[in-house]
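The values are calculated or read from the model by the stated rules, or taken from the named source; none is laboratory data. A quick note: this is a predicted structure, and the numbers were derived from the prediction, not measured. Every residue, glycine as well, gets a Cβ built from its backbone with ideal geometry; the counts of neighbours run over all protein chains shown.
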Amino acid sequence: MTALLNYIHNSFNGGPNKSVFISNPPGPAILLWTNSQTHPNLTGITVVRELNLTNQNANQQNSQNLINTIATEIRTNTAIPFLDIEYDFLNDILVIDGTQYNVQNGGNFIANTFNLTVSNTSAKAVNSSQAVTDLFHIWSRSFFSGTAVRKIDTDLVVVDTLNNTLSSFVEVKRSDRVNFNNWQPYPADLSNYKMMFALSDALNIPFYTIHHDEVGSRTISAQKLVNVFTYDPTSPVNWNAFRSLGNRQQLAAQATVNLL
């Protein structure tokens, strides 16, 4: 995880009111799906993790504990299809909402549920979880059409554990190639941001992009300044307004945690 993700996880870990789901393959990760005709509206959301994953770190275990709340909120408050997926490519297994499939049939089920196009070429075998952490990403890029299917992950979801609701979701950017004061969301990421805006609208919770420039470290201080760009579905803005410096707040890391 990046320095900021580590800080956010440690700040929420063990707190009485909120907890944080951080995507961390091969542990639980949240993926958003759509197709080129429907984009930017979403056709599906998944929680994906390796089947029978052992030796989970503290974040993976915490995220595992939040899956039911996240799934319930999505299924109850949106019309977006949701699937809970576990994979074991070495043994040709996909477990989807508790039902076991072989990988081919499971992939077809995902495609049918989310209105996705499968690839015209055979999917590559993915067998080494020791060499690659995100095996599902590798497989799905091969199984589904690279031109017709769009899939992105979400870095972080904040869960209100008192009320079992979702508070916000976040994308974290780490870069020091642009001066900190001049950094803005990249135009090349417009397609992904539109999908995130669509999720924010569907769930009626804010979406934040948070940028920091601690590239060489896994820790930051509470006073470390970060750039925060906000999309609020109650007063939505367009892409240009979202990424403008006028929409930016520069907050200390701890103040950012308080915002979420």
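All of A198, A148 fail the test of being crowded, with 18+ Cβ neighbours inside 10 Å and of a type in the set (G, A, S), apart from A198.
For the residues A58, A79, A71, the requirement of being outside the structural domain of M196 (by TED's automatic domain parsing) and closer than 14 Å to W33 by Cα singles out A79.
In region 135-167, which residue that is in contact (Cβ under 8 Å) with a residue 60 or more places away in the chain and of a type in the set (D, E, K, R) is farthest from L94 (Cα to Cα)? Filtering first and then ranking leaves D160. Look at (1) farther than 25 Å from S191 by Cβ; (2) surrounded by fewer than 21 Cβ atoms within 10 Å (Cβ to Cβ); (3) touching a Gly at 6+ places or on another chain (Cβ under 7 Å) and you find that S63 fails only one, number (2). Considering (1) buried (at least 17 other Cβ atoms within 10 Å of the Cβ); (2) of a type outside the set (D, E); (3) not in a strand (DSSP E or B), say which one N52 fails and leave the rest. The number of the failed condition is (1).
Being closer than 24 Å to M195 by Cβ, surrounded by 13 or more Cβ atoms within 10 Å (Cβ to Cβ) and at pLDDT 90 or above holds for only one residue in T76, T117, T133, and it is T117.
Restricting T76, T54 to residues that are farther than 17 Å from D134 by Cα and β-branched (V, I, T) narrows the list to T76. With respect to the conditions (1) under 19 Å from D97 (Cα atoms); (2) polar (S, T, N, Q); (3) part of a loop (DSSP other than H, G, I, E, B), T46 falls short on a single one, namely (3).
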